[in-house]
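Asker: There's a structure below that I have some questions on.
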Amino acid sequence: MAATFFGEVVKAPCRAGTEDEEEEEEEEGRRETPEDREVRQQLARKREVRLLRRQTKTSLEVSLLEKYPCSKFIIAIGNNAVAFLSSFVMNSGVWEEAGYAKLWNEWCRTADTTHLSSTEAFCGFYHLKSNPSVFLCQCSCYVAEDQQYQWLEKVFGSCPRKNMQITILTCRHVTDYKTLESTGSLPSPFLKALKTQNFKDPACCPLLEQPNIVQDLPAAVLSYCQVWKIPAILYLCYTDVMKLDLITVEAFKPILSTRSLKGLVKNIPQSTEILKKLMTTNEIQSNIYT
């Protein structure tokens with residue numbers, strides 16, 4: 001009890017009691033109800049990454065690279081990297097689909113259709129008919145952070161083989177590149193490479209300097225390969241145009257001379273024409289909505 005300046009007797013508040021009440025209220029707020037648990041479980045099931053067969057829409061029983069032997073795996077992540085593989089690699093041979101990833105998150109929903117436009121999100125896996133141990137992945141969809149480990153497990157498995165070589169292609173905006181120079185003076189687009197310790201082949205471009213980092217699924221794949229001692233290299237194209245762009249796609253061309261892609265591309269001029277047609281088709285589709 002305490003007296004005020006005017007003489008009234010009032011009960012002084014106890015801070016300790018107030019804090020205890022606040023903690024109890026917070027605990028009650030954190031306590032998960034059955035309804036909350038059900039919603040969380042439904043969301044987790046919805047965000048599950050699944051690898052399916054196109055014909056039967058059934059899940060693969062084991063991881064992709066446990067089911068199929070693989071000596072070479074080329075992964076294109078993002079529209080420009082996917083367009084490069086489509087034009088220069090997939091059109092130079094006969095590729096069969098081995099499966100596709102189905103996933104959902106805040107940024108994308110993968111398409112189920114077999115005839116995809118360049119604007120649709122998808123993640124497909126293919127192997128070369130003449131040499132089934134050569135695999136490639138075209139991934140134009142966003143794989144969220146909580147889905148990246150699932151994606152790796154579904155593709156590589158829990159104990160991956162080490163006798164394969166991984167090549168990853170992707171793009172970042174040039175403003176993400178850290179340098180003492182002004183990014184406006186850089187000759188965009190340009191390539192940089194980052195490789196695991198076990199990758200011994202020479203890169204076709206300069207290595208990525210510190211303190212630059214890579215992010216998202218490309219970083220997850222490269223880290224996974226580093227941990228499992230799998231030879232892997234990431235080719236990162238820094239560009240000022242993140243949408244599908246002819247100049248950005250052609251910036252990947254030096255990679256055609258590397259051991260990973262050498263022999264997979266038969267006719268570069270023809271592939272360049274195919275790329276230009278792909279760009280024209282994309283522009284027509286984009287203009288429908290403008």
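The values are calculated or read from the model by the stated rules, or taken from the named source; none is laboratory data. All figures in this text were calculated on a predicted structure; none of them were measured in a lab. Note that each Cβ is placed from the backbone with ideal geometry, even for glycine, and that neighbours are counted across all protein chains shown. All accessible areas refer to the heavy atoms of the entire protein, side chains included, with ligands and DNA or RNA removed. Shrake-Rupley method; radii C 1.70, N 1.55, O 1.52, S 1.80 Å.
Asker: Lys and Arg at +1, Asp and Glu at -1: add these up for the other residues within a Cβ distance under 14 Å of Lys46 and post the number. Numbers along the way, then the final one.
Answerer: Details: positive: Arg40, Arg45, Arg47, Arg50, Lys102, Arg109; negative: Glu38, Glu48, Glu106, Asp146.
Cβ neighbours under 14 Å give a net charge of +2.
Asker: Right, here's the next one. Show me the ranking of peptides 168-175, 191-198, 135-142 by mean Cβ neighbours inside 10 Å, starting with the highest. Don't jump to the answer; show the numbers that get you there.
Answerer: Details: 168-175: 20.6, 191-198: 18.0, 135-142: 23.2.
Ranking, from highest mean packing down: 135-142, 168-175, 191-198.
Asker: Ordering Trp104, Trp228, Trp151 by how much accessible area each has at a 1.4 Å probe, largest first, what is the list?
Answerer: Working: Trp104 50, Trp228 75, Trp151 0 Å².
Heavy-atom accessible area, descending, gives Trp228, Trp104, Trp151.
Asker: Heavy atoms only, 1.4 Å probe, whole protein assembly: order Asp176, Asp146, Asp245 by accessible area, highest first. Spell out each step's value before the answer.
Answerer: Details: Asp176 65, Asp146 85, Asp245 35 Å².
From most accessible down to least: Asp146, Asp176, Asp245.
Asker: Among residues other than Asp216 whose Cβ falls under 10 Å from its Cβ, what is the net charge (Lys/Arg +1, Asp/Glu -1)? Kindly include the intermediate steps, with their values, before the conclusion.
Answerer: Working: positive: Arg172; negative: Glu145.
Value of the local net charge: 0.
Asker: Please report the net charge: other residues with Cβ closer than 9 Å to the Cβ of His127, K and R +1, D and E -1. Spell out each step's value before the answer.
Answerer: Details: positive: Lys129; negative: Glu96, Glu97.
Surrounding charge for His127 is -1.
Asker: With an 8 Å cut-off on Cα pairs and a minimum separation of 6 or more residues, tell me the relative contact order of the stretch 174-229 in percent. Can you show the working numbers first?
Answerer: On the way: 30 pairs, mean separation 19.9, N = 56.
Here the relative contact order equals 36 percent.
Asker: Using θ = phi - 60° and the Karplus relation 6.51 cos²θ - 1.76 cosθ + 1.60, list the HN-Hα couplings for the stretch 54-68 in order, rounded to whole Hz, with x at every Gly or Pro.
Answerer: Result, ordered by residue: 5, 5, 9, 6, 9, 6, 6, 5, 10, 5, 4, 7, 7, 6, 10 Hz.
Asker: Further question: Work out the FRET efficiency for Lys266 and Arg31 from their Cβ-Cβ distance, taking R0 = 41 Å, and round it to the nearest 0.05. Please report the intermediate quantities before stating the final value.
Answerer: Values: r = 64 Å, r/R0 = 1.55.
Approximately 0.05, to the nearest 0.05.
Asker: Then there is this: Give me the distance between the Cα centres of the stretch 168-212 and the stretch 234-254, rounded to whole Å.
Answerer: Cα centroid of the stretch 168-212 versus Cα centroid of the stretch 234-254: 12 Å apart.
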